[in-house]
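The values are calculated or read from the model by the stated rules, or taken from the named source; none is laboratory data. Since the model is a prediction, treat every value here as computed from it, not as a measurement. Please note: Cβ atoms are built from the backbone with ideal geometry, for glycine as well, and neighbour counts cover all protein chains shown. Areas reflect the complete protein model, heavy atoms only, side chains present, ligands, DNA and RNA absent. Shrake-Rupley method; radii C 1.70, N 1.55, O 1.52, S 1.80 Å.
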Amino acid sequence: MIKILIADDHMLIREGLEKIISLEGNMQILFKCRDGKEAIDHIRKNSLDVALLDINMPYFTGIDVLRVIKNENIDVKTIILTVESDKNTLFEAIEIGADGYILKDSAADEIVEAINTVYSGEKYIDKSLVSLIFSKIKSKEDKNSIFDRLSKREVEVLLYISQGFSNKEIASKLFLSEKTVKNYTTSLFEKLGVHDRVQAALLAVQNNIEGYYKKK
C-alpha cells in the first residue's frame, strides 16, 4: 500500500485528488494538508511513501517543503503540483530534485501513473508539462557539444527523455529491454553530471539535443 500525503491550500484540489486516489487499490491517503507547515509536521513525524506538494502554499511553499525533505534526508518521494503560471518557480523544484511534476488539471490516469512511477524509484514529468517548461528555453550549440561524450545510443535515449518519454516507452521505441534503457540512462547521467531524468531533459533542451541528433 502506497502511503500518501496531499498538501494543497485549495479544498477542491485536495478533494479531487482524494477522489482519484481512493479508487486505487494500492494507494491510501494518510494526510490532507492545507499549508506547507502542516505538511512538514506530518512528513517529519510519520512514515510516508509519496507527498503531493502544491508549489504555492501559505507559511511554507512546496519548494520550502521539498528543501526540508532533501536537507533532512527524509525518505519520501515528492510530486510537485503546479499550474502553467508556476513554470519559473518550477525550475527551482527541478534544481532541488523533486521526483515528479504534474499539472493540477492532469487527467486522473496521469496522476495515478505519476504516483506509481515515483514510488517505484523513477522520475515522472507529464508530457504537457515538458513542452510547457521547455517552450521558452532558447537552444544553444557550443562548438564542442557536451553531447560528444555520449554514445549514439545514449544520445537517442536522451532525446526521448527530453520529450518526456518513460524508460518503458523508450525501450519500446528502440526495441530494447527496459533494463538496458535504465543502464543507458545511468551512464549518460554520469557523463553529463546530472542526478535525474528531469535535470537531464533540461540540459538536453538547453543545448539543442534535437539539432545535435539530426546532425549525427
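Structure above, values below:
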{"quantity": "Over 28 Å (Cα to Cα) - which of Lys19/Lys173; Lys3/Lys168; Lys168/Lys215 fall in this group", "calculated": "Lys19/Lys173"}
{"quantity": "Kirkwood estimate for the chain, i.e. one over the average of 1/r between Cα atoms, Å", "calculated": "17.9"}
{"quantity": "Shape of region 154-216, Cα gyration tensor, a/c cut at 1.5", "calculated": "oblate"}
{"quantity": "For region 6-133, alpha-carbon Rg over 2.2 N^0.38 Å", "calculated": "0.94"}
{"quantity": "For the chain, accessible area per residue (1.4 Å probe, heavy atoms of protein chains only), Å²", "calculated": "52"}
{"quantity": "CD proxy at 222 nm, helix term only [per DSSP H run n ≥ 4: -39500 (n - 2.57); per residue of the chain; nearest 500]", "calculated": "-15500 deg cm²/dmol"}
{"quantity": "Segment Phe91-Lys152, extension gain: residue separation times 0.36 nm, minus the distance between their alpha carbons", "calculated": "19.1 nm"}
{"quantity": "Accessible-area value, Tyr213, 1.4 Å probe, nucleic acids and ligands omitted, Å²", "calculated": "80"}
{"quantity": "Protection-proxy order for peptides 40-47, 90-97, each taking the mean of Cβ atoms within 10 Å per residue, highest first", "calculated": "90-97, 40-47"}
{"quantity": "Distance from region 1-23 to region 160-182 (C-alpha centre basis), Å", "calculated": "30"}
{"quantity": "Most to least packed among 11-23, 186-198 [average Cβ atoms within 10 Å]", "calculated": "186-198, 11-23"}
{"quantity": "With every protein chain in place, the chain: carbon and sulfur % of accessible area (1.4 Å)", "calculated": "47"}
